[in-house]
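Right, one structure below, let's go through it.
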Amino acid sequence: MSNITLHTLSARKQAGEKFAVLTAYDATFAHQVSSAGIEMILVGDSLGMVLQGQDSTLPVTVEEMAYHTASVARGNQGAMIMADLPFMSYATPEQAMESAATLMQAGAHIVKLEGGDWLCESVSLLAERGVPVCAHLGLTPQAVNKLGGYRVQGRDKHSALKMLEDAKRLEQAGASMLLLECVPSLLAEEITRNVDIPVIGIGAGPHTDAQVLVMHDMLGVTTGRIPKFVKNFMADADSVQEAFRQYGEQVRNGQFPAEEHGFE
Ligand code: KIV
Ligand code: NA
């Protein structure tokens, strides 16, 4: 498989073809995920919870993200690698550039930051300097204390309109992708239609351009409650690699997620 780039994934959106994203945090799983044809690997700060056992993503540092990004890059077979900028590592545009430099030098191809239109200046500066950015909207777990818990966002008219406006502004500022977490399916569909950049969803219904899941969740390897938007791909697979392959296939052919995995 030749290397997946931003160009590949933008062309998929224009062609109306979906793509799959999965988290991985180490070389061996990165090898398996990319060999299974998953287009993009997310080195998510969810590693704070799934690998470190923290009860939020807030304790994760840039150095930890760089360590896992470098590990993933060594195992990767041609997928595009996205790495999360962790909590408070992009509070100012200067910090954003310094933190992004560390992750790009570790092997990321694109960085992800959480927030709305306040991110526009950082997004522009990064894009101008050659760093593609994905803006994460909706449920932004680094803001869990402000949000008052892990809850669906954009349910009322005001916050839905604000999210749509933020999405357009971030695209204008130079964002290369958007990620929507836990937003009503209809709102996610509306946002996806109103921007030209690829929109990745998680708990955002079936109408986004791409989907992402945390690997441990889709393998059924968890310690707690399974969110509604997760599907266990080990149920019909006889190997982990086959579960990854089926996930990619079901995202591309529109079988996953179904309406039942989304929110109204
Ligand atoms: O950290 C992560 O894994 C994420 C996804 C849940 C979108 O940001
Ligand atoms: Na994250």
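No value in this document is a laboratory result; all are computed from the given coordinates. All values derive from a computational prediction rather than experimental measurement. Note: ideal-geometry Cβ built from the backbone for every residue, glycine included; neighbour counts use all protein chains shown.
Structure data summary
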{"item": "Per-bin percent of Cα-Cα distances, segment 109-264 [5 Å]", "result": "2, 10, 18, 21, 19, 15, 10, 5, 1, 0"}
{"item": "Charge dipole of the chain about the Cα centre (unit charges at C-beta), most positive-ward option of Ala175, Ala106, Met65", "result": "Ala175"}
{"item": "Within the chain, helix-based [θ] at 222 nm, where runs of 4 or more DSSP H residues each add -39,500 (n - 2.57), nearest 500", "result": "-12000 deg cm²/dmol"}
{"item": "Reference-scaled alpha-carbon Rg (2.2 N^0.38 Å with N residues) for the chain", "result": "0.91"}
{"item": "Convex hull per residue volume in Å³, alpha carbons only, for segment 1-41", "result": "68 Å³"}
{"item": "Linear extension gain, Glu264 paired with Ala101, 0.36 nm per residue minus alpha-carbon span", "result": "54.8 nm"}
{"item": "Proximal lysines relative to Lys18, as straight alpha-carbon distance under 24 Å, when same-chain residues fewer than 8 apart are discounted", "result": "Lys112, Lys168, Lys228, Lys231"}
{"item": "Of Arg129, Arg245, Arg151, the one that fluctuates the most in a GNM where the chain has Cα springs shorter than 10 Å", "result": "Arg129"}
{"item": "Using alpha carbons only: equivalent-ellipsoid semi-axes of segment 13-140, gyration tensor based, whole Å", "result": "22, 18, 14"}
